[in-house]
1. Test residue 334 against the criterion of being assigned by TED's automatic domain parsing to the domain that holds residue 17, in contact with a strand residue (DSSP E or B) (Cβ under 9 Å, 6 or more places away or on another chain) and closer than 30 Å to residue 153 by Cβ, and give yes or no.
2. Would you list the helices (runs of 4 or more DSSP H) that sit entirely within the range 166-271 and hold 3 or more residues that are not assigned by TED's automatic domain parsing to the domain that holds residue 140?
3. Answer yes or no: is there a residue in the range 104-113 that is more than 21 Å from residue 267 (Cβ to Cβ), assigned to a strand (DSSP E or B) and not assigned by TED's automatic domain parsing to the domain that holds residue 216.
4. Identify all residues within the range 348-375 that are farther than 17 Å from residue 262 by Cα and out of contact with any helix residue (DSSP H, G or I) (no Cβ under 9 Å at 6 or more places or on another chain); write none if there are none.
5. Of the numbered conditions (1) exposed (fewer than 14 other Cβ atoms within 10 Å of the Cβ); (2) in contact (Cβ under 8 Å) with a residue 12 or more places away in the chain; (3) assigned to a helix (DSSP H, G or I), residue 434 fails exactly one; give the number of that condition.
6. Inside the range 304-330, can you point out the residues that are under 21 Å from residue 290 (Cα atoms) and surrounded by fewer than 18 Cβ atoms within 10 Å (Cβ to Cβ)?
7. Can we say residue 385 is surrounded by 19 or more Cβ atoms within 10 Å (Cβ to Cβ), outside the structural domain of residue 155 (by TED's automatic domain parsing) and under 30 Å from residue 129 (Cα atoms)?
């Protein structure tokens, strides 16, 4: 989805605004590619019937896997730790630790309880982790090293007893050593060198020796991975059906054009279809930004990716006031949202639709992307932030309710159930309640 407004969207904005830059065409959801869907469907069917042999065949054909064992061994983990630069190991350890600490803060606030609703009736809830999670750790064009922090590490904090990870053999037919180090820093115990659809299928179907079928599949990937998650959903749970990474900035006249441009391009380099949007109350900023984007692109090593992303999916809106800016941004519902203004608390209280919020010039999306702020970077895209948040420790927990009734609570529950069931003509419900009423008279 292009993160800008359709004509009908613009009718919903209560205040005046001006369009400075907008991509061509309507802001329509991306259509599923029928060829991708058909390929994924065939692969899932083949793997379900062919088992691990089919997984290995796809790994050799599509991943370029050349090893003897799909599972990463102790020697490979040791080599990853030994060969990586010390400063990178230190940075990955820090990201894993901070992501784990924030997840623990969340977990501590998700509590079990039991309380009496009326005399003789006690109700409660328990937070129970899912039984098995499969975490996909991407390593395509760029190895996204923090992915393990957000999936494996957070699942560990939730108390998930069985966690398996898969990562593409992107390093000359073997798993990327930095991805392996990040996985181990996050607490991963079993990691397999398998990518794409075959990885998700193997985890969902329980094809790896000694590992149960996953109850939940998490982690980002390409269009084939996203389609596999879509088709497997229902058989397993998933985190989010994420599209291209998105970034938006709300800024006023206190923001510098240099910082706004840098932060937009920092996410546009994720892919050539990654949307980036500025909503500003500053005419100066709105008018200066295009030239500053061009200036920074000229020296950016990822220009071949970031430039088409900004050209084809970038937008700039000039809002009359902050209320209008919030209305526009809540409609766009971006994955990542930075606020570069002098009234941060007001925006914190009034913005409602975003995946994660970054307040002030000393915050940036890049910090969370790499795990350094601790919050999770598995977030909703395509305006899905209107109705859901991102992955968190709560995503790996089931809130299970229960009730315990005594004879004392029978009259207060059974009598109205009989009344309602008679009206609905659901005699079985009525009889189940009436039986207990009759026992009161014995």
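1. Considered against the rule, which asks whether it is assigned by TED's automatic domain parsing to the domain that holds residue 17, in contact with a strand residue (DSSP E or B) (Cβ under 9 Å, 6 or more places away or on another chain) and closer than 30 Å to residue 153 by Cβ, residue 334 comes out as yes.
2. Answer list for the range 166-271: 257-268.
3. Yes - at least one qualifying residue is present in the range 104-113.
4. Scanning the range 348-375 gives 348, 349.
5. Of the numbered conditions (1) exposed (fewer than 14 other Cβ atoms within 10 Å of the Cβ); (2) in contact (Cβ under 8 Å) with a residue 12 or more places away in the chain; (3) assigned to a helix (DSSP H, G or I), the odd one out for residue 434 is (1).
6. Listed by number, the residues that qualify are 304, 308, 311, 312, 320.
7. yes
Matching residues to (1) over 19 Å from residue 363 (Cβ atoms); (2) free of Cβ contacts under 8 Å to residues at least 24 places away in the same chain; (3) in contact with a helix residue (DSSP H, G or I) (Cβ under 7 Å, 6 or more places away or on another chain); (4) crowded, with 23+ Cβ neighbours inside 10 Å:
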{"site": "213", "(1), (2), (3), (4)": "yes, no, yes, no"}
{"site": "233", "(1), (2), (3), (4)": "yes, yes, no, no"}
{"site": "255", "(1), (2), (3), (4)": "no, no, yes, yes"}
{"site": "271", "(1), (2), (3), (4)": "yes, no, yes, no"}
{"site": "276", "(1), (2), (3), (4)": "no, no, yes, yes"}
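The values are calculated or read from the model by the stated rules, or taken from the named source; none is laboratory data. Predicted, not measured: the structure shown is a model, and the values here were computed from it. For neighbour counting, all protein chains shown are included, and Cβ atoms are generated from backbone atoms with ideal geometry for every residue, glycine included.
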